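Input: a single structure, listed below in structure tokens.
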Amino acid sequence: MRQGTEWEPKLVGFLCKWCSYAGADLAGTSRKKYPANIRIIKVPCSGRVDPLFILKALRLGFDGVLVSGCHPGECHYQTGNYRARRRVAITKKFLEYVGIEPQRVQASWVSASEGGKFTEVVAEVTKGLKEIGPNQLFSQERQGDGTKAT
Amino acid sequence: MEQRLRNEAKALLEQGKVDWIIGFESGSLKFATTPLITKDKNDADRLVINPFMVNNLANFLTEVKGRVGIVAKGCDSRSIVSLMQDNKVAREDVVILGVPCRGIIDLSKVERLVGKERDELDDITREGDKVAIKVDGEKKEFLATEALFDNCLACEFPTPQEYDILLGEPSTSVVNKPAAQEKIEKLKEMTPEQRWEFWKNEFSRCIRCYACRNVCPACFCQRCFVEETEPQWVLPVPRWQDNLIFQIVRNIHVAGRCTDCGECERVCPVNIPLRSLTKEMYDLVDELFHYKAGMDKEAAPLLIAYEYAEAEDLFR
Ligand code: SF4
Ligand code: SF4
Ligand code: FES
């Protein structure tokens, strides 16, 4: 963090290309402003997201992760989002138990026509992350193990 | 029960109904058992059934070729069913020799109870809801709930639900839920920061031997994510950060397959309380999706199955 600049959370978004990614695009083309805190990664379906991606992002120092796919019943591959839902649900709950703030793992359903909703989701998630502060989960030094902050 | 098992196993091999028998025999250390995996009918006489058979033998099912007769306690039989749900083994290739289980004795607990090493004990027997220990010619009795493994104290299905031959009358478990949940409840009382600190400390001891993964019947990937190099998900060196990520993701990957058999915690050479993670996941999947691992061989696995509306409160 540079002195004088306010800390801004970094958020990684895994967006399904059929819906949420297109929703983000629509937000852009309709000149809606969403926080620049999100770094978007396009995935073929929310069902592509292995919880490992979420852990890896947190390990790399991202402050939060958003997984976003098509609404229930609207997945291009029929069931990808249902599978994503179960995985994200257990991940979120389990991480909370281990001690990771639940705000850091977020999920939403955003269709290709919901540019407005996308803007809102990113704004809300960013706000939540600002409240809990930077992710220092993995960066804390342990004495003697020579681990550098990421 | 033991003699019946030996006869059944011998007959299965003789009649060519199975190629392999997987069971337990006496180990070299006192009281301990060790897995017996054999094709030889004469070995059947070495099979034992006793309250020290800790291993979840389901882990060996995928390692032998052909038809297998396998000894299974309640939790093991669920692990076998779970493998069937994942199409890892076919029902017709397995003959389940079900053992109605009354709980497995935790020798470390026994040592603590009597204040002696296991080698100094003459005998340990299960008598009703008691465990009797003979030491220096004296007989001491303890409640079974004090001497069994934590996971056995939480056991819901001690008698195999899926079997071909049941080697005895169905058993009831001596549950003591509070005792089985004690460590987990303590963790839940902590703040998230304290919990994170707790696990961070625990996993700074992990040497990444992968014993927990290798012993687990639910961990059956040909190539584990920890060994992938492009991308490299976690560093191979044992740093607490990567150790913890390995274990968290392993828990997520075995969600809905883990039967709370307790094997991972038992094998950990540095005594990380792994069951405090696996059991919580076990309870979470039940709470969120009313799913219990290995109960129905026809059912879709947890992470494949779905309902139209569920866990929606977690989505925006
Ligand atoms: S995770 Fe541990 S308790 Fe669960 S099935 Fe695997 S070895 Fe058994
Ligand atoms: S058994 Fe224990 S030390 Fe070995 S990898 Fe698992 S947690 Fe780490
Ligand atoms: S295609 Fe969008 S979630 Fe499956």
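Net charge dipole, segment B:225-316: roughly 360 debye, given to the nearest 20, about the Cα centre with Cβ charges of +1 for Lys and Arg and -1 for Asp and Glu.
Using only Cα atoms, locate the centre of segment B:78-122 and the centre of segment A:1-65, then give the distance between them in Å, rounded to an integer. Computed from Cα coordinates, the inter-centre distance equals 45 Å. Normalising the average separation of contacting C-alpha pairs (under 8 angstrom, six or more residues apart) by the number of residues puts the relative contact order of segment A:8-99 at 36 percent. Accessible surface computed residue by residue for segment A:83-125, with neighbouring protein chains in place and a 1.4 Å probe, gives 25 Å² per residue.
Once you reduce segment A:78-125 and segment B:209-227 to the center of their Cα atoms, the two points are 28 Å from each other. For segment B:192-276, taking the reciprocal of the average inverse distance between every pair of different Cα atoms yields a Kirkwood hydrodynamic radius of 13.3 Å. Bridge orientation summary for the protein assembly as shown: considering DSSP beta bridges with both residues in this region, about 40 percent are antiparallel. Which of B:Cys261, B:Cys206, B:Ala309 sits closest to the plus end of the dipole of chain B, meaning its Cα is farthest towards the positive end, when Lys and Arg get +1 and Asp and Glu get -1 on the C-beta? Of B:Cys261, B:Cys206, B:Ala309, it is B:Cys206. Mean silhouette area of chain A, derived from the convex hull of its C-alpha atoms and averaged over all directions, reads 9.7 nm². Here each label is just a point 7 Å from Cα along the line to Cβ, and for B:Arg46 and B:Ser171 those points are 2.4 nm apart. Legend: mean number of C-beta atoms from other chains within 10 angstrom of residue C-beta atoms, peptide B:196-203, equals 3.
Both chains summed, the buried accessible area for B and A stands near 4500 Å², from protein heavy atoms and a 1.4 Å probe.
Counting only residues at least eight positions apart within a chain, or on another chain, the aspartates and glutamates with an alpha carbon under 12 Å from that of B:Lys39 are B:Glu14, B:Asp19.
Remark: the protein assembly as shown carries a charge dipole of roughly 1500 debye about the Cα centre, counting +1 on each Lys and Arg Cβ and -1 on each Asp and Glu Cβ. Taking the helices alone, chain A has a mean residue ellipticity at 222 nm of -12000 deg cm²/dmol, built from -39,500 (n - 2.57) per DSSP H run of at least 4 residues and averaged over all its residues.
Ordering A:Gln78, B:Gln161, B:Val94 by Cα displacement along the dipole of the protein assembly as shown toward the positive end leaves A:Gln78 in first place; charges were set at the Cβ atoms of Lys, Arg (+1) and Asp, Glu (-1). Diffusion coefficient (Stokes-Einstein, Kirkwood radius over C-alpha pairs, 4 °C, 1.567 mPa s) for the protein assembly as shown: 53 µm²/s, rounded to a whole number.
Of the complete DSSP H runs in chain A, those spanning 18 angstrom or more by Cα along the long axis with a mean Kyte-Doolittle score not below -1.0 are A:80-98, A:115-132. Binning all Cα-Cα separations of segment B:46-157 at 5 Å, short to long from zero, yields these whole-percent fractions: 2, 11, 20, 19, 14, 12, 9, 7, 4, 1, 0. Normalised Debye scattering of chain B at q = 0.08, 0.15 Å⁻¹ gives log10 I(q)/I(0) of -0.39, -1.34, counting only Cα atoms as equal scatterers and leaving out solvent. Here chain A has 49 percent of its accessible surface on carbon and sulfur atoms, given a 1.4 Å probe and all protein chains in place. Projecting the Cα positions of B:Ile133, B:Ser108, B:Leu143 onto the charge dipole of segment B:105-147 (unit charges on Cβ atoms of Lys, Arg, Asp and Glu, taken about the Cα centre) puts B:Leu143 furthest along the positive direction.
Look at the stretch B:306-313: the mean tally of other chain Cβ atoms within 10 Å of its residues' Cβ atoms is 5.
Judged by the gyration tensor of its Cα atoms, with axes a ≥ b ≥ c, segment B:105-147 is oblate; a/c meets the 1.5 cut and b/c is at least as large as a/b. Using just its DSSP H runs of length 4 or more, each adding -39500 (n - 2.57), chain B gives a mean residue ellipticity at 222 nm of -10000 deg cm²/dmol after division by all residues.
With both bridge residues required to lie in segment B:2-123, what share of the DSSP beta bridges run antiparallel, to the nearest 5%?
Bridges in segment B:2-123 that DSSP calls antiparallel: roughly 45 percent.
Here chain A is treated with +1 on each Lys and Arg Cβ and -1 on each Asp and Glu Cβ, and its dipole about the Cα centre works out to around 320 debye.
The values are calculated or read from the model by the stated rules, or taken from the named source; none is laboratory data. Keep in mind it's a predicted model, so treat the numbers as computed, not measured. All Cβ positions, even for glycine, are placed from backbone atoms using ideal geometry, and neighbour counts span all protein chains on display. Only protein heavy atoms, including side chains, enter the accessible area calculation; ligands, DNA and RNA are left aside. Shrake-Rupley method; radii C 1.70, N 1.55, O 1.52, S 1.80 Å.
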